[in-house]
1. For segment 1-138, take N as its residue count and report Rg(C-alpha) divided by 2.2 N^0.38 Å.
2. Suppose all protein chains stay in the model; what accessible area per residue would a 1.4 Å probe give for segment 370-519, in Å²?
3. Looking at this model, which pairs from K100/K134; K236/K445; K134/K236 are more than 26 angstrom apart at the alpha-carbon?
4. Pull out a ≥ b ≥ c, the square roots of the eigenvalues of the alpha-carbon gyration tensor of the chain, then state rounded if a/c is under 1.5, prolate if not and a/b is larger than b/c, and oblate in the remaining case.
5. Taking the solvent-accessible surface of protein heavy atoms with a 1.4 Å probe, what is the per residue accessible area of segment 5-44 in Å²?
6. Using the Kirkwood radius over C-alpha pairs as Rh, can you work out the diffusion coefficient of segment 450-514 via Stokes-Einstein at 20 °C, viscosity 1.002 mPa s, in µm² per second?
7. Please label the shape of segment 246-348 as rounded, prolate or oblate, based on the square roots a ≥ b ≥ c of the eigenvalues of the alpha-carbon gyration tensor (a/c under 1.5 means rounded; beyond that, a/b larger than b/c means prolate, else oblate).
8. Give me the extension gain from N126 to S110: residue separation times 0.36 nm, minus the current Cα-Cα distance, reported in nm with one decimal.
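The values are calculated or read from the model by the stated rules, or taken from the named source; none is laboratory data. It should be emphasised that the depicted structure is a prediction, and the values quoted were computed from it without experimental measurement. Note that each Cβ is placed from the backbone with ideal geometry, even for glycine, and that neighbours are counted across all protein chains shown. Keep in mind that these areas ignore ligands, DNA and RNA; they rest on the heavy atoms of the full protein, side chains included. Shrake-Rupley method; radii C 1.70, N 1.55, O 1.52, S 1.80 Å.
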Amino acid sequence: MIEAEVHLSLHNFLRSQAGLPSWPHHLTMARLVARALRVGRSALIQVGAACGYQGQYRTSFVASALMWHEAVVIVATQPVQQRLLQVEIPRLQKWLKVNKPIIVADTFPSLDFQGILIVSPQAWLNAQLSSNHKFPPNIPTIIDGVDDLEDWIREQLTASIEPQDWQQLMLAYPSLAEEIRTLRVQLTHEIFQHPANPYECYLISEPEEEILCRIYSSLDLNSLPETWKRFWQLFKTRHETFSATKSSPSPPLLWATPRRRQGLFSLHCAPIELGKILSPIWQRQPVVLIGSALEPETEATLFRQRLGLGDLTCLKFSNDNHTQAIQLYIPNKLPLPNTPEFKPVFIHQVRQMVCLSATSPGLTVILVGDVPLKSQLGTTLAAEFGSRVQVDKTCLDENGILVCGWEFWRQHQRVLPAPQMLIISTLPLPSLEDPLVAGRVAYYKHSHQDWFRLYLLPTALNELQRAVAPARDSSGIVALLDSRVIYRSYGAQVLAVLSPLSRINYLDPGLFSNPQEES
């Protein structure tokens with residue numbers, strides 16, 4: 001069987017790679033992927049946050065895909081595609097002595113294609129969500145990096161009206177151009193009444209929604225430009241939902257992003273519930289979904305429910321307790337993050353920790369989700385430590401101090417050196433001050449569901465594990481300055497997902513010394 005062939009060939013290949021860092025679960029993962037290809041049963045694999053950051057696991061599924069005698073689709077982002085094409089596939093092709101065709105494209109080449117098609121998540125999802133499917137059914141598909149799958153899907157399903165689309169609408173209805181222009185001015189006035197916020201977006205209010213309804217009511221909907229038609233198809237479901245029963249699907253999110261200096265704005269509409277939309281996709285072909293740390297449980301129940309995934313094989317690998325442990329520092333008696341006392345104490349703590357590590361080489365990363373606090377901290381540290389301090393920038397000194405937000409760190413952590421110290425201001429719980437988060441929370445409340453444990457906490461745990469992963473490479477120190485880990489019941493879950501760890505109760509310069517230098 002293909003499982004045995006892959007196991008033997010990969011085992012021999014790994015033995016030949018002496019001196020290279022290895023991953024202990026290569027053979028198990030390769031067998032599972034090979035079995036999924038053979039029997040056509042979907043699988044969900046969590047490789048662990050540290051392995052997901054390093055990307056070592058990719059050797060496993062590439063070997064299975066190369067040895068499978070039929071077509072395989074690999075869905076991967078552009079950086080991962082480059083890694084596959086330049087490193088993983090060439091060295092395995094050479095060892096396995098296979099000449100399977102490899103194509104990078106947005107559509108399936110031909111019905112008789114028996115090679116590997118590598119495609120971006122955006123292109124694959126666009127094809128799957130469109131009515132004219134560009135991929136034949138029953139082609140096994142491997143999706144890498146599904147920690148971001150929800151974001152990719154929501155991006156594809158979001159319908160937007162950009163400033164230039166208004167001109168297209170007026171050209172399509174010249175007799176109504178003046179009326180459309182007047183309504184756009186009214187909508188601009190309403191949107192710009194919202195006070196500024198760090199997220200630069202606002203949920204559409206009732207008066208603004210009424211203006212949009214007036215625009216559409218005056219138009220022949222059969223002649224709408226494509227952008228406006230796509231927006232209307234989502235927008236109209238809000239009214240159908242609100243006027244229907246409680247068992248109806250949730251209304252989509254509707255929000256605006258203003259550009260105050262230009263006096264322009266964009267409108268966006270996106271569904272909240274994805275499960276029913278996505279369920280038919282998973283039934284068209286067997287899929288192997290690979291993520292790093294989706295949920296603490298192997299079955300990833302909440303993730304599967306949100307994405308409409310049915311019955312499938314689930315596997316979760318744990319971090320190596322010996323080589324991937326972090327030193328975790330959680331100071332006692334810190335004020336809670338939502339109190340006025342937190343900000344000055346937090347800045348003082350960070351300054352102390354930076355001073356302690358000042359004589360040791362290596363990067364210090366300070367993660368701050370609060371945008372105003374991030375700016376204030378950056379200014380305070382720069383006044384003392386000068387150009388070593390950078391805010392949301394990748395050009396850093398060897399012993400630089402990077403102050404950044406969670407999204408910036410997630411996007412750039414692979415191109416930056418592993419930090420000697422990672423300081424986390426607060427848990428990355430999505431902020432209710434973010435209008436899009438508030439909109440999703442309102443959906444959970446309307447459905448009488450536990451919005452904290454179904455949405456906020458799982459999102460934070462996933463983000464936290466991925467953020468800490470680089471520190472495991474350097475056996476770095478992670479300082480978590482959020483006392484809710486100590487005083488809240490969910491603190492035990494936070495500590496569990498950060499395992500393996502060694503808890504430390506104090507910091508001193510000796511913790512930052514390099515053992516190799518001392519010897």
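1. On the way: Rg = 15.0 Å, N = 138, 2.2 N^0.38 = 14.3 Å.
Scaled against compact globular proteins, the figure is 1.05.
2. Details: 6930 Å² over 150 residues.
Per residue, segment 370-519 has an accessible area of 46 Å².
3. Numbers: K100/K134 22 Å; K236/K445 22 Å; K134/K236 28 Å.
Those over the limit are K134/K236.
4. It comes out oblate by the Cα gyration axes.
5. Values: 2020 Å² over 40 residues.
On a per-residue basis, segment 5-44 sits at 51 Å².
6. Details: Rh = 13.3 Å.
Rounded to a whole number, D works out at 161 µm²/s.
7. Working: a/c = 2.44, a/b = 1.11, b/c = 2.20.
It is oblate, given that a/c is not under 1.5 and a/b is not larger than b/c.
8. Working: separation 16, 0.36 × 16 = 5.76 nm, distance 1.84 nm.
Length gained between N126 and S110: 3.9 nm.
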